[in-house]
Amino acid sequence: MIDIEEPVLRDKFPVIVHTLLIENGEVFLLQRQHTGSMDGWYCLPGGHMEYGETIKEAAIRECIEEAGIDVNSIVLRDIYSYQFEEEQGLNFVFLAQDWNGTATNAEPGVFNHGKFFRLDEIPPKTLGWVKDSISSVRSGREGVSLIEDLNK
């Protein structure tokens, strides 16, 4: 039996979910702080999948926890295989199609602030793969994309 309190599986090969919240030509981004990793950089609401969750359930939960919204409908956009420091894993990026509430920084201990940015005015200190996912939406690309560049 797996000990769900033991972080070994998550630490060895993390599965991380992120959600694009796009409204009126703007995307919601959070600026990281006090995490010890990528502080000052902008990211999407997201985090690690927990034991017993589906990937979609994890994305919806992270939107509640980090952006304070209840997502009704999401679709998978991108899957990124990545390496960062000592870990290798997968980033799943979803696009929220419908949600209730107003996106805000719901975790001020983790994020400096959260706000909507125009799709063509993304802050320079935004993670590269986040910029790529935003660009794919702007371009009108449909379907799911698998990106296996481990340096993203």
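The values are calculated or read from the model by the stated rules, or taken from the named source; none is laboratory data. Note that the structure is predicted; figures quoted are calculated from it, not measured. A quick note on method: Cβ atoms are made from the backbone with ideal geometry, for glycine too, and the neighbour counts reach across all protein chains shown.
Some observations on this one:
- Residues satisfying the stated conditions in segment 122-140, i.e. of a type in the set (A, V, I, L, M, F, W, C) and under 15 Å from Val93 (Cα atoms): Leu127, Trp129, Val130, Ile134, Val137
- Enumeration of residues in segment 92-136 that are surrounded by 15 or more Cβ atoms within 10 Å (Cβ to Cβ) and among the polar types (S, T, N, Q): Thr104, Asn105, Thr126, Ser133, Ser136
- Across segment 57-68, not a single residue is classified as modelled with pLDDT under 95 and loosely packed, with under 14 Cβ neighbours inside 10 Å.
- Taking residues in segment 138-150 that are under 25 Å from Glu121 (Cβ atoms), and partners anywhere that are in a loop (DSSP other than H, G, I, E, B), the pairs with Cβ atoms closer than 8 Å and at least 6 places apart or on different chains are Arg138/Leu119; Arg138/Asp120.
- Residues located in segment 21-38, provided they are in a strand (DSSP E or B) and within 12 Å of Ala67 (Cβ to Cβ): Glu23, Val27, Phe28, Leu29, Leu30
- Residue check for Phe117: assigned to a strand (DSSP E or B), hydrophobic (A, V, I, L, M, F, W, C) and touching a Pro at 6+ places or on another chain (Cβ under 7 Å): yes
- Segment 43-59: number of residues that are in contact with a Phe, Trp or Tyr (Cβ under 9 Å, 6 or more places away or on another chain), part of a loop (DSSP other than H, G, I, E, B) and more than 19 Å from Gly128 (Cα to Cα): 1
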